[in-house]
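Here the structure comes first, spelled out in structure tokens, and everything after it is commentary.
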Number of protein chains: 2
Amino acid sequence: MHDAPFSTLTEFRDILAAMPTADEGALAKATERNGQLTKPPGALGDLEDMAIWYAAWRGDPRPRIERPQVLIFAGNHGVAARGVSAFPAEVTAQMVLNFQAGGAAINQLAKAAGAQLGVHALDLDKPTADFTQGPAMSEAEVTGALATGWAAVDPKADLLVVGEMGIGNTTSAAAIALALYGGAPSDWAGRGTGVDDAGLALKCDVLRQGLAANAGAATDGLEALRCLGGRELAAMAGAIAAARAARIPVILDGFICTAAAASLESAVPGALDHTIAGHRSAEGAHGQLLDRLGKAPLLSLNMRLGEGSGGTLAINVLKGAVACLSGMATFAEAGVSGA
Amino acid sequence: MHDAPFSTLTEFRDILAAMPTADEGALAKATERNGQLTKPPGALGDLEDMAIWYAAWRGDPRPRIERPQVLIFAGNHGVAARGVSAFPAEVTAQMVLNFQAGGAAINQLAKAAGAQLGVHALDLDKPTADFTQGPAMSEAEVTGALATGWAAVDPKADLLVVGEMGIGNTTSAAAIALALYGGAPSDWAGRGTGVDDAGLALKCDVLRQGLAANAGAATDGLEALRCLGGRELAAMAGAIAAARAARIPVILDGFICTAAAASLESAVPGALDHTIAGHRSAEGAHGQLLDRLGKAPLLSLNMRLGEGSGGTLAINVLKGAVACLSGMATFAEAGVSGA
């Protein structure tokens with residue numbers, strides 16, 4: 001994508017508030033076409049809805065998905081030093097090398113989905129500040145990460161999945177959800193890569209301290225992203241926004257991706273209208289977070305890996321749905337009798 | 001596949017009872033490999049289980065899915081004359097032409113899954129007998145349809161989906177389920193291609209009459225298939241059996257496919273161990289039928305089209321799962337630290 005057209009959070013918010021909406025003409029034409037295809041009405045179920053949604057965002061009643069993009073952003077978290085993850089922080093950088101070498105799950109899944117994969121490591125040697133002591137990022141840091149995400153989007157892509165890698169980032173995501181939606185820390189804390197009961201209790205303590213140290217986070221989505229998020233979360237948010245500007249539909253991944261996305265929706269309601277939920281993660285609070293956003297997940301396969309894995313697995317489901325809308329014959333074309 | 005090695009139901013049952021089982025050695029090796037891959041333990045959720053299951057049936061701890069096959073069988077039903085479908089019976093033949101011309105949903109979905117598609121019309125000009133008056137098929141007829149299904153399986157395929165087209169066949173499938181599992185007709189009758197309340201009540205009457213006219217159907221799965229099924233249901237059962245003989249894993253489709261499969265499981269428990277459920281159909285009783293078989297569906301997208309559509313959509317999910325198992329690096333290979 002071209003360089004990001006913002007350098008402050010206020011500018012980013014203004015851009016977010018002036019984004020394009022779905023094409024009502026394409027929506028109407030796709031809906032009409034869907035009703036004429038050789039199948040009983042509604043028999044393709046959710047596939048029909050998602051294909052029409054895709055057509056509306058692409059402004060094309062008979063679209064194709066030919067150039068999906070998967071973007072993985074990696075960041076390190078000051079809060080990881082508190083021991084909130086089952087894995088050591090150096091795993092973030094090691095996994096970036098694994099992504100680059102083609103050895104991770106997302107490499108296999110992106111290939112199976114026919115998607116180009118981009119991997120962006122954001123200042124891994126400079127973790128964000130520990131949010132229990134104050135904001136994780138300065139405005140310049142969060143804006144820089146939003147801009148990295150924005151610039152990473154291929155303007156020729158016709159579908160986007162964003163994912164992440166960052167030891168400690170389920171804690172960051174839970175903190176954002178707690179700031180945006182309230183409740184108790186235990187409502188949003190999950191086991192992440194596999195912490196035990198003591199680790200889970202520690203996570204809840206860290207969330208409580210994080211909210212106490214960042215009073216402004218509860219007042220605004222972008223402020224929650226800055227104070228409690230991480231560079232990879234902000235980059236995902238920036239990429240989701242850039243996709244909206246280019247009318248590229250987005251499939252959300254799991255808990256961390258969805259928390260980053262939720263910060264946009266909280267800042268500007270409707271900011272996620274061009275997104276669908278690829279799956280429901282086994283990370284405890286993901287289903288609840290999707291409910292808050294009114295998003296029904298395409299898949300529910302007990303995945304909890306991140307890396308964009310669940311969203312990328314859903315690409316082929318959406319591809320199938322769109323292929324039916326655009327490729328099927330109508331009753332008239334096929335000479336098939338109606339009901 | 002070679003010609004079917006049976007010409008009576010007894011011979012078919014004997015073959016079914018002597019089928020190969022999963023390869024325990026490949027199962028153990030795939031499980032061990034899965035535990036070493038660069039992800040937190042269990043983080044790929046159900047994908048891990050399905051990939052290991054696939055490896056065990058293929059006898060290869062690091063398999064690939066490169067040659068999936070989708071087979072659609074079409075048949076006509078005497079019971080359709082009772083008015084149990086929203087569509088006229090000639091639609092079966094019209095849809096076969098649509099499959100052959102590439103205009104149906106399954107054509108688009110098979111292409112998206114990289115699967116070869118075979119379409120087999122079974123004596124469409126000769127509907128089965130109306131099962132409210134006695135058996136739908138003679139032993140020669142059901143055996144012939146089983147043999148057609150058996151012979152249609154490509155022995156070089158590495159994955160199989162079977163689907164169907166047949167106006168009236170949700171009634172046939174519901175009758176089989178009622179014979180195999182009991183309950184009330186209303187437990188198994190659904191709206192099919194879209195019947196109204198009166199149509200649903202008629203379907204229940206037809207089921208009651210069908211069971212009364214075929215007392216033997218409740219005593220045995222293959223007898224239920226003969227008395228209450230149709231040629232396309234028997235062909236699906238034959239193809240599922242042929243796949244087992246060749247150690248080709250099978251993804252089941254919706255209600256009708258699953259009812260045909262259930263007749264095998266009732267005849268010989270374990271006959272469906274090489275199968276998984278591709279999706280849960282919106283056809284009312286499909287979830288209940290899957291529960292009886294102990295199969296958890298991969299997808300749940302409110303589809304109710306048949307044609308193998310749900311099973312075929314699930315091919316790419318299984319492909320992704322298997323690609324992860326076989327293509328990911330281990331912690332040692334990638335130099336990633338453990339938990």
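The values are calculated or read from the model by the stated rules, or taken from the named source; none is laboratory data. These figures come from a predicted structure and were not determined experimentally. Note that we place each Cβ from the backbone using ideal geometry, even for glycine, and neighbour counts take in every protein chain shown. These accessible areas exclude ligands, DNA and RNA; they are computed on the full protein's heavy atoms, side chains included. Shrake-Rupley method; radii C 1.70, N 1.55, O 1.52, S 1.80 Å.
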Item to check | Label zone at residue A:19, where the point sits 7 Å out along the Cα-to-Cβ direction: region A:201-240 residues whose backbone N lies under 15 Å | outcome: A:221-222, A:234-240
Checklist entry - For the rotation that brings chain B onto chain A, whose beta-carbon in chain B is nearest the axis, and what is that distance in whole angstrom? => result B:316, 2
Item to check | 7 Å along Cα→Cβ, label-point gaps from residue A:8 to other copies, nm, shortest first | outcome: 9.0
Checklist entry - Relative to the longest principal axis of chain A, what angle (0 to 90°, nearest 10) does the C-alpha long axis of helix A:139-152 take? => result 30 degrees
Next on the checklist: Give the lysines reachable from residue A:156 as a straight Cα distance under 23 Å; neighbours fewer than 8 places away on the same chain don't count.
Outcome noted: A:111, A:319
Next on the checklist: Going Cα to Cα from residue A:29, which lysines come in below 17 Å? Please leave out same-chain ones fewer than 8 positions away.
Outcome noted: none
Checklist entry - Could you work out the helix-only [θ] at 222 nm for the protein assembly as shown, with each DSSP H run of four or more residues adding -39,500 (n - 2.57) and the total divided by the number of residues, to the nearest 500 deg cm²/dmol? => result -15500 deg cm²/dmol
Checklist outcome for this item: Here the correct list, in nm and shortest first, of distances from residue B:126 to the same site in the other copies, label points 7 Å along Cα→Cβ, is 8.0
Item to check | 23 Å Cα-Cα reach of residue A:203 towards lysines, excluding residues that sit fewer than 8 places from it in its own chain | outcome: A:126, B:39
Checklist entry - Hey, what angle do you get for helix B:46-58 against the long axis of chain B, alpha-carbon based, 0 to 90 degrees rounded to 10? => result 80 degrees
Checklist outcome for this item: Here the Cα Rg-to-2.2 N^0.38 Å ratio for chain B is 0.99
Next on the checklist: With the label 7 angstrom out along Cα to Cβ, how close does residue A:335 come to the same site in each of the other copies, in nm, nearest first?
Outcome noted: 6.6
Checklist outcome for this item: With all protein chains in place and a 1.4 Å probe, residue B:181 shows an accessible area in Å² (nearest 10) of 50 Å²
Item to check | Estimated dipole of the protein assembly as shown in Debye, rounded to 20 [Cβ of Lys and Arg +1, of Asp and Glu -1, Cα centre] | outcome: 420 debye
Checklist entry - How high is the relative contact order of region B:66-320, given as a whole-number percent (alpha carbon pairs under 8 Å, six or more residues apart)? => result 26 percent
Item to check | Global size of the protein assembly as shown as Cα Rg and Dmax, reported in angstrom | outcome: 26.3, 80
Next on the checklist: Nearest 10 degrees is fine. How inclined is helix A:24-36 to the longest principal axis of chain A, computing both from alpha carbons?
Outcome noted: 50 degrees
Item to check | Additional length obtainable on full extension of the chain from residue A:333 to residue A:208, 0.36 nm per residue less Cα span | outcome: 38.8 nm
Next on the checklist: Among A:279, B:34, A:221, which residue has its Cα furthest toward the positive end of the charge dipole of the protein assembly as shown, with +1 on Lys/Arg Cβ and -1 on Asp/Glu Cβ?
Outcome noted: B:34
